Amino acid sequence: MQTKASVDTVSGTKVTVVGVGQVGISIAFSIMTQGIASEMTLVDVMEDKLKGELMDLQHGLTFLDNMKITAGSDYALSAGSKLCIVTAGAQMREGESRLDLDQRNTNILKDIIPKLVQYSPDTILLIVSDPVDLLTYVAWKLSGLPKERVIGSGTNVDSSRFRFLLSERFDVAPTSIHGWIIGEHGDSSVPVWSGVDVAGVRLRDLNPAAGTSEDTENWNSIHKQVIQSAYEIIRLKGYPSWAMALSVSVLTRAILNNTRNVYAVSTFVEGIHGVQYPVFLSVPCVLGENGITDVIQQTLTEDELTQFQKSAATLNEVQSNLVF
Ligand code: NAD
């Protein structure tokens, strides 16, 4: 082969995924199959697993658009990443307190984040590891990056579960239902019932009590199912991965392609919806090549505001007990 032009060693759509467990490798596979990035680096502490996953992914490239994939424990491989996705995390040990686990996860980020920023000083960080809102705050503190460049995967997946369950009840495609879950990812998330609509026809116009305790149609059972579904998936198959992977890959696409799509992701919310603490929670955000450019402030009911602010206060208390 005769070489005609030099090949750039770093491309503008390079992604690094740190942590190649169930979630990280599903995200990597989803990014690869969707042809979103031109280059992807996988980083973990488990060298053998990394090598095996790298070979397995590379052997599938014949069937897809070409991309460069590398893997290793050396963060130099991640140099020049436009986006770094962090899925590395510790599982709860028997008898361990929530705070001890939070501190262990903080310690893992203390190891990872400075190295990512050292090799990609202008990167955008997308945190997936749980508890995602807390760890996005930790990553922001450790990185020194501007707030808009540190994002948590947040309630994008909760919103997707919500829309899927609503779609079954309305019998239309999930993409034709609009609905948002905001606030803390997981048990304390806040469904915005006033924003549920199909083609501009609002559920609340059809049933003003939808989602409230006076609702005879019991729409709120759908939010309860959203919360339960993560536990149910863990009980049934051990870990949630596919929906999470697709959720993260659409966020990746929005950032790398500068699409300005709106997704519910975890962002710095001090000053938003009456929050008085420096915490990260999910609200609808416009995503593009510089991270989060705008936050969409929905009109919330008193109840929704109270729940949102309560999560902020709880997070702030946990944050103040962490040692950096
Ligand atoms: P997992 O245990 O399968 O994988 C974790 C990976 O992180 C392992 O491969 C491990 O070797 C790696 N790791 C640990 N410490 C590291 C370090 N210092 N540097 C580099 N790599 C390191 O877990 P999983 O099921 O893939 O889940 C990963 C994380 O994502 C967990 O925190 C989980 O709770 C979280 N999660 C979040 C969501 C969400 O919606 N935000 C959904 C599912 C899972």
(message) If I ask for residues that are in contact with a Lys or Arg (Cβ under 7 Å, 6 or more places away or on another chain) and away from the ligand (no atom under 16 Å from the Cβ), which ones from region 42-85 would you list?
(response) Gly80, Lys82
(request) Output the qualifying pairs, or none if there are none: Cβ atoms under 8 angstrom, residues six or more apart or on different chains, first residue in region 40-54 and farther than 23 Å from Thr123 by Cα, second residue of a type outside the set (Val, Ile, Thr) and within 9 Å of the ligand (Cβ to nearest atom). (result) Glu47/Ser73
(request) Just one of (1) touching a residue at least 40 places away in the same chain (Cβ under 8 Å); (2) on the phi < 0 side of the Ramachandran plot trips up Gly238, so point out which. (result) (2)
(request) Collect the residues in region 235-258 that are more than 11 Å from the ligand (Cβ to nearest atom) and either surrounded by 15 or more Cβ atoms within 10 Å (Cβ to Cβ) or under 13 Å from Thr13 (Cβ atoms) (or both), keeping them in residue-number order. (result) Leu246, Ser249, Val250, Leu251, Thr252, Arg253, Ala254, Ile255, Leu256, Asn257, Asn258
(request) Within region 148-160, track down each residue that is buried (at least 24 other Cβ atoms within 10 Å of the Cβ) and not in a strand (DSSP E or B). (result) Ser153, Gly154, Thr155, Asn156, Val157, Asp158, Ser159
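Every residue in region 1-30 that is in a helix (DSSP H, G or I) and either outside the structural domain of Lys82 (by the TED database) or surrounded by fewer than 24 Cβ atoms within 10 Å (Cβ to Cβ) (or both), please.
Of everything in region 1-30, those that are in a helix (DSSP H, G or I) and either outside the structural domain of Lys82 (by the TED database) or surrounded by fewer than 24 Cβ atoms within 10 Å (Cβ to Cβ) (or both) turn out to be Gln22, Ile25, Ser26, Phe29, Ser30.
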(message) Of everything in region 62-103, what is touching a strand residue (DSSP E or B) at 6+ places or on another chain (Cβ under 7 Å), of a type in the set (Ser, Thr, Tyr) and assigned to a loop (DSSP other than H, G, I, E, B)? Give them in sequence order.
(response) Ser73, Ser81, Thr87
(request) May I ask you to say which residue of Leu64, Leu99 is more than 18 Å from Gln319 (Cα to Cα) and touching a helix residue (DSSP H, G or I) at 6+ places or on another chain (Cβ under 9 Å)? (result) Leu64
(request) Only residues in region 259-280 that are among the polar types (S, T, N, Q) count as the first member; pair them with residues that are assigned to a loop (DSSP other than H, G, I, E, B) and crowded, with 19+ Cβ neighbours inside 10 Å, Cβ under 8 angstrom, at least 6 apart or cross-chain, and list the lot. (result) Ser266/Ser153; Ser266/Gly154; Ser266/Thr155; Ser266/His185; Thr267/Gly154
(message) Anything in region 136-174 that is within 13 Å of the ligand (Cβ to nearest atom) and either under 23 Å from Gly288 (Cβ atoms) or of a type in the set (Phe, Trp, Tyr) (or both)? List them, or say none.
(response) Thr136, Ala139, Ile151, Gly152, Ser153, Gly154, Thr155, Asn156, Val157, Asp158, Ser159, Ser160
(message) On the basis of being over 15 Å from Arg163 (Cβ atoms), of a type outside the set (Val, Ile, Thr) and surrounded by fewer than 20 Cβ atoms within 10 Å (Cβ to Cβ), does Glu214 make the cut?
(response) yes
(request) For residues that are among the aliphatic types (A, V, I, L, M) and under 22 Å from Leu315 (Cα atoms), scanning just region 113-132, find the one that is farthest from the ligand (Cβ to nearest atom). (result) Leu125
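If only one of Gly195, Gly186, Gly179 is in a loop (DSSP other than H, G, I, E, B) and outside the structural domain of Asp133 (by the TED database), which one is it? Talk me through it step by step, then tell me what you get.
Values: Gly195 fails: in a loop (DSSP other than H, G, I, E, B); Gly179 fails: in a loop (DSSP other than H, G, I, E, B).
Among Gly195, Gly186, Gly179, only Gly186 is in a loop (DSSP other than H, G, I, E, B) and outside the structural domain of Asp133 (by the TED database).
In region 166-176, what count of residues is obtained for those that are assigned to a helix (DSSP H, G or I) and surrounded by fewer than 21 Cβ atoms within 10 Å (Cβ to Cβ)? Show your work before the answer.
To start, the set of residues in region 166-176 that are assigned to a helix (DSSP H, G or I) comprises 166-170, 174-176.
Still in the list and also surrounded by fewer than 21 Cβ atoms within 10 Å (Cβ to Cβ): 167-170, 174-176.
So the answer is 7.
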(request) Could you list all residues from region 241-288 that are in a loop (DSSP other than H, G, I, E, B) and either among the charged types (D, E, K, R) or at positive phi (or both)? (result) Asn258, Arg260, Glu270, Gly271, His273, Gly274
(request) Could you list all residues from region 43-94 that are under 22 Å from the mean Cα position of the chain (by Cα) and at pLDDT below 95? (result) Gly89, Ala90, Gln91, Met92
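The values are calculated or read from the model by the stated rules, or taken from the named source; none is laboratory data. Because the structure is a prediction, the values reported are computed rather than measured. Here the Cβ is made from the backbone with ideal geometry for all residues, glycine too, and neighbour counts use every protein chain on show.
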